[in-house]
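Student: Shown below is the structure under consideration.
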Amino acid sequence: MEILGTTLRICVDDLESSVAFYEGLTGTPALRFERGGVSVAAIGCFLLMSGPESELEVLRKVGATIAVKDVDEANEALTRAGARVIAGPVPTPAGRNLIALHPDGSVFEYVDRKVTV
């Protein structure tokens, strides 16, 4: 499995002021989308999320988002290494993802940029 990078996941109360801060910090404009009632802004290596506490509670359990070349390949490698895929692979606005539980109890999201039509 080829890992391309990691995105830090941050749950925030005030998305607009947080977006302004991280855009200023990185010099990168936010890419915004909605997912499951949660407003999301991707800025550089930061993924800001804001929404209902019931949704954020679940999202806080995921340690980081890991970009991979191919989610299907990641699925096979994770399973072979002893991880358990607990969600996905599924299409998202930016590609495909899955959520995996590692043997040590860590939970990570794996994503690729393969947008399905």
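The values are calculated or read from the model by the stated rules, or taken from the named source; none is laboratory data. Worth saying up front: this structure is predicted, and the values here are computed from it rather than measured. For neighbour counting, all protein chains shown are included, and Cβ atoms are generated from backbone atoms with ideal geometry for every residue, glycine included. Remember, those area values only see protein heavy atoms, side chains included, never the ligands or the DNA or RNA. Shrake-Rupley method; radii C 1.70, N 1.55, O 1.52, S 1.80 Å.
Student: From the Cα gyration tensor of the stretch 58-117, with a ≥ b ≥ c the square roots of its eigenvalues, which class applies: rounded if a/c is under 1.5, or else prolate if a/b is larger than b/c, or else oblate? Present the calculation step by step, with values, prior to reporting the outcome.
Tutor: Numbers: a/c = 2.18, a/b = 1.37, b/c = 1.59.
It is oblate, given that a/c is not under 1.5 and a/b is not larger than b/c.
Student: If one takes the longest principal axis of the Cα atoms in the chain, at what angle in degrees, from 0 to 90 and to the nearest 10, does the Cα axis of helix 15-26 lie?
Tutor: 80 degrees
Student: Here is a follow-up. Using protein chains only and a probe of 1.4 angstrom, how many square angstrom of Thr92 are accessible, to the nearest 10?
Tutor: Looks like 30 Å² after rounding.
Student: How far, in degrees from 0 to 90, does helix 71-81 lean away from the longest principal axis of the Cα atoms of the chain, to the nearest 10?
Tutor: For helix 71-81, the angle is close to 60 degrees.
Student: Shifting gears a bit: For the pair Thr6 and Ser54, how long in nm is the line joining their label points, each one 7 Å along Cα→Cβ?
Tutor: 3.3 nm
Student: Any chance you could look up the accessible area of Lys114 with a 1.4 Å probe, heavy atoms only, rounded to 10 Å²?
Tutor: 90 Å²
Student: Rounded, prolate or oblate for the stretch 2-44? Axes are the square roots of the Cα gyration tensor eigenvalues, ordered a ≥ b ≥ c, and the cut-off for rounded is a/c under 1.5.
Tutor: Verdict is oblate for the stretch 2-44.
Student: Per the helix-only calculation at 222 nm, which mean residue ellipticity applies to the chain, given -39500 (n - 2.57) for every DSSP H run of n ≥ 4 and division by its residues, nearest 500 deg cm²/dmol?
Tutor: It lands at -7500 deg cm²/dmol.
Student: Now for a separate question. What is the chain's relative contact order, in percent, from Cα pairs under 8 angstrom and six or more apart in sequence?
Tutor: It rounds to 25 percent for the chain.
Student: Here's another thing I want to ask about it. With a 1.4 Å probe and all protein chains in place, put Ile3, Ile99 in order of accessible area, largest first.
Tutor: Values: Ile3 95, Ile99 35 Å².
The ranking, largest first, comes out as Ile3, Ile99.
Student: Can you tell me the equivalent ellipsoid semi-axes for the stretch 1-98? Use √(5λ) from the Cα gyration tensor, largest first, whole Å.
Tutor: Values for the stretch 1-98, descending: 25, 16, 11 Å.
Student: Okay, moving on. Could you check how much of the accessible area of the chain is carbon and sulfur, as a whole percent, using a 1.4 Å probe? Don't skip to the end; give the middle numbers.
Tutor: Numbers: 3720 of 6670 Å².
Carbon and sulfur: 56 percent of the exposed surface of the chain.
Student: Still on this structure, I have one more. Heavy atoms only, probe 1.4 angstrom, no DNA, RNA or ligands counted: give me Met49, Met1 ranked by accessible area, highest first. It would help to have the intermediate numbers written out before the result.
Tutor: Numbers: Met49 10, Met1 90 Å².
My answer, sorted largest first, is Met1, Met49.
Student: Beta carbons within 10 angstrom, averaged per residue: use that to sort the peptides 27-38, 64-75, 11-22, highest first. Please report the intermediate quantities before stating the final value.
Tutor: Numbers: 27-38: 12.7, 64-75: 18.8, 11-22: 15.2.
In decreasing order of mean packing, 27-38, 64-75, 11-22 become 64-75, 11-22, 27-38.
Student: Next question, about the same structure. If you take the charge dipole of the chain about its Cα centre, with +1 on Lys and Arg Cβ and -1 on Asp and Glu Cβ, which of Ile43, Ala77, Ser54 is farthest toward its positive end?
Tutor: Ala77
Student: Additional query: With a probe of 1.4 Å, find how much accessible area the chain has per residue, and write the answer as a whole number in Å².
Tutor: Accessible area per residue: 57 Å².
Student: Dipole magnitude of the chain about its Cα centre, charges +1 at Lys/Arg Cβ and -1 at Asp/Glu Cβ only, in debye to the nearest 20?
Tutor: Result for the chain is approximately 260 debye, rounded to the nearest 20.
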